[in-house]
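Just so it is clear, none of the values below were taken in a lab; they were calculated from the coordinates. Note that the coordinates shown come from a computational prediction; the quantities given were computed from them, not determined experimentally. All Cβ positions, glycine included, derive from the backbone under ideal geometry; neighbour counts span all protein chains shown.
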Amino acid sequence: MHLLFIADPLHSFKIYKDTTFAMMREAYRRGHTLSVCEPQHITWQRGSRVSAQVLGITLTGDPTQWYEAQPLRRAELKDFDAVLMRKDPPFDSEYFYATHLLEQAERDGARVFNKPRALRDHPEKLAIMEFPEFIGPTLVTRDAQDIRRFHAEHQDIILKPLDGMGGMGIFRVGPDGLNLGSITETLNRHGAQSVMVQKFLPEIVDGDKRVLIIGGKPVPFCLARIPQGSEVRGNLAAGGKGVARPLSDRDWEIGNALGPVLQERGLLLAGVDVIGDCVTEINVTSPTCFQEIFDQTGCDVAKLFIDALELAISAGD
């Protein structure tokens, strides 16, 4: 098969932990052909199909110069066996536009994973609203008074922007309410922008667990991102320590409930974030943690993913 990965620049990859690289390595090991591009390389013109300037690559096994590139060429996306959208957040306007171009490519005959419409329909913070039985007390609002009432009820809260990633812009406000007004103004931009507010879950000390869902089924190990020192955020990008663990009974319950729903909508891969017993986010743009789980447990998540991808392609999904 010939796979096209839409991703961040190759020079930015940290291959010892990069999930997209793990996918590439497993696909290459199986004899599949690899090409890459970035979202800005995708174009459409009336009378033509969606195409991109793509770079064919071979993997060298050298951690320093890990790929060899072929000359750039223009190719129609429908000519690949699968197109994998692996661009990291933020989910900004350009990402949004890219999903529309990819949806047009689907109309041309391309097979895109995750499906572009599903990416648009599942903003990673707001997707949890559909599953209230699995989440803790949560508020989404622009209104500062709503936030004050929520704080008065729950005392210890987390505030975060809807378009953040890697723990960016997350604040905790305790029972004293210190700086709640200033934090609210910063995040909601004086009422111009919506904010997510959640009751603080003390189980964060045991980690913010990333439960991966592949082909509708939970991976049997999660990665608990554990905050370090006085930090409240477990995100690896914010200095959290990643510890792989078997799924708990509650994790299995969540994964088995959400997995078939996400798969039915065209989400071959999702990362469900769980603190304690509560889902806090559903990540669908470029879920990670493949290599950390493999390194610590031997569970080959990249193999599970390429298995699911090959099955989806053969089934015509």
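Less than 5 angstrom separates the built amide H of Ala224 from those of Arg210, Val243, Ala244, Arg245, all sequence-distant by 5 or more or on a different chain. When its C-alpha radius of gyration is set against 2.2 N^0.38 Å (N residues), region 203-314 gives a value of 1.02. Taking Cα centroids, how far is region 77-93 from region 242-306 in Å? The two parts, judged by their Cα centres, are 20 Å apart.
Counting only DSSP beta bridges whose two residues both lie in region 2-114, roughly 50 percent are antiparallel. In region 2-114, a dipole from Cβ-located charges (positive for Lys and Arg, negative for Asp and Glu) runs towards its positive end, and of Ser93, Ala75, Ala22 it is Ala75 whose Cα lies farthest in that direction.
Shape call for region 36-123 from the C-alpha gyration tensor, a ≥ b ≥ c root eigenvalues: rounded (a/c under 1.5), prolate (a/b greater than b/c) or oblate? Here region 36-123 falls in the oblate category. Rounded to the nearest 20 debye, the dipole magnitude of region 137-200 is 80 debye, with +1 charges on Lys and Arg beta carbons, -1 on Asp and Glu beta carbons, and the Cα centre as origin. GNM, the chain, Cα, under 10 Å: largest mean-square fluctuation among Val112, Val261, Val83? For the chain, modelled as a Gaussian network with Cα springs under 10 Å, the answer is Val261. Hey, rough spin-label estimate for Phe131 and Lys14, points 7 angstrom out along Cα→Cβ, what's it come to in nanometres? Computed distance between label sites Phe131 and Lys14 equals 2.7 nm. Computed from phi, the 3J(HN,Hα) profile of region 118-123 under the Karplus parametrisation 6.51, -1.76, 1.60 (θ = phi - 60°) reads 5, 4, 5, 7, 10, x Hz, with x in place of Gly and Pro. Rounded to the nearest Hz, the phi-derived 3J(HN,Hα) couplings of region 190-195 under the Karplus curve 6.51 cos²θ - 1.76 cosθ + 1.60 (θ = phi - 60°) are 6, x, 8, 9, 6, 10, where x marks glycine and proline.
Annotation: extensible slack from Asp121 through Asp277 equals 53.7 nm (criterion: 0.36 nm per residue apart, minus Cα-Cα distance). When region 203-314 is described by a simple charge dipole with +1 on each Lys and Arg Cβ and -1 on each Asp and Glu Cβ, the residue from Val211, Ile313, Cys299 located farthest towards its positive end is Ile313.
Here the Karplus curve 6.51 cos²θ - 1.76 cosθ + 1.60, taken at θ = phi - 60°, turns the phi angles of region 268-282 into couplings of 5, 9, 9, x, 8, 8, 10, 10, x, 9, 10, 6, 10, 8, 10 Hz, with x standing for Gly and Pro.
Relative to its residue count, region 174-253 spans a Cα convex hull of 145 Å³ per residue.
Across q = 0.17, 0.20, 0.29 Å⁻¹, region 137-200 modelled as identical point scatterers on its alpha-carbon atoms has Debye log10 I(q)/I(0) values of -0.47, -0.66, -1.44, in the order of the q list. Taking a ≥ b ≥ c as the square roots of the Cα gyration tensor eigenvalues, region 257-317 comes out oblate, since a/c reaches at least 1.5 and a/b does not exceed b/c. Projecting label points 7 angstrom from Cα along Cα→Cβ for Gln228 and Ala152 puts them 4.1 nm apart. Mean silhouette area of the chain, derived from the convex hull of its C-alpha atoms and averaged over all directions, reads 16.7 nm². Summarising the label geometry, the points placed 7 Å from Cα in the beta-carbon direction at Gln70 and Met1 lie 1.8 nm from one another.
Think of the chain as having a plus end and a minus end, set by charges on the Cβ of Lys, Arg, Asp and Glu; of His122, Gly181, Ile170, His122 sits farthest toward the positive end of this dipole. In a fully extended conformation the segment linking Gln45 and Leu178 would gain 42.5 nm over its present Cα-Cα distance, using 0.36 nm per residue.
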